[in-house]
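Computed from the coordinates by the stated procedures, all read-outs in this text should not be read as laboratory data. These figures come from a predicted structure and were not determined experimentally. Every residue, glycine as well, gets a Cβ built from its backbone with ideal geometry; the counts of neighbours run over all protein chains shown.
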Amino acid sequence: MDIDYISLLGFIAGGLTTLSFAPQLYRSLKTKSVADVSIAMYSAMVAGVVLWEIYAILINSLPLIITNIVSFVLTLSVLIARIVYGSDAYRKRVSQSQTARGSSSQNR
């Protein structure tokens, strides 16, 4: 069985760059702290990944197709987390919840 070294190189490169978004997503979901995540940067990244995906499909490059699908999911997830957790409404709900828990524990 012959190994297509060029495709293998593409999968490794794409896999490494794609996985680089995983730590930010994990941290954002775990801590719900996203104040330093740039909406502009992740919006541009999502748009760029969509264009890369179109390009990958047009040239029929399986390494690019697969890694860009995963990159799209990861970058869009970080962007959504930033929008949800960074919204004033979310911060207000969290603050009210913490205040309610604090006052109920003091009444015991």
Please get the size of the charge dipole for the chain, origin at its Cα centre, with Cβ charges of +1 on Lys and Arg and -1 on Asp and Glu, quoted in debye to the nearest 20.
1040
Are there any trypsin sites (Lys or Arg not before Pro) in region 1-70 that are in a DSSP loop and have at most 15 other Cβ atoms within 10 Å? List them by number.
Lys32
Selected from Gly14, Tyr26, Thr67, residue furthest toward positive end of dipole (the chain; charges at beta carbon)
Tyr26
What angle do you read, to the nearest 10 degrees and between 0 and 90, between the alpha-carbon axis of helix 62-85 and the longest principal axis of the chain?
10
Hydrodynamic radius by Kirkwood, which averages 1/r over all alpha carbon pairs of region 7-97, in angstrom
14.1
With label points set 7 Å from each Cα along the Cα-to-Cβ direction at Ile83 and Leu19, the distance between them in nm comes to 2.9
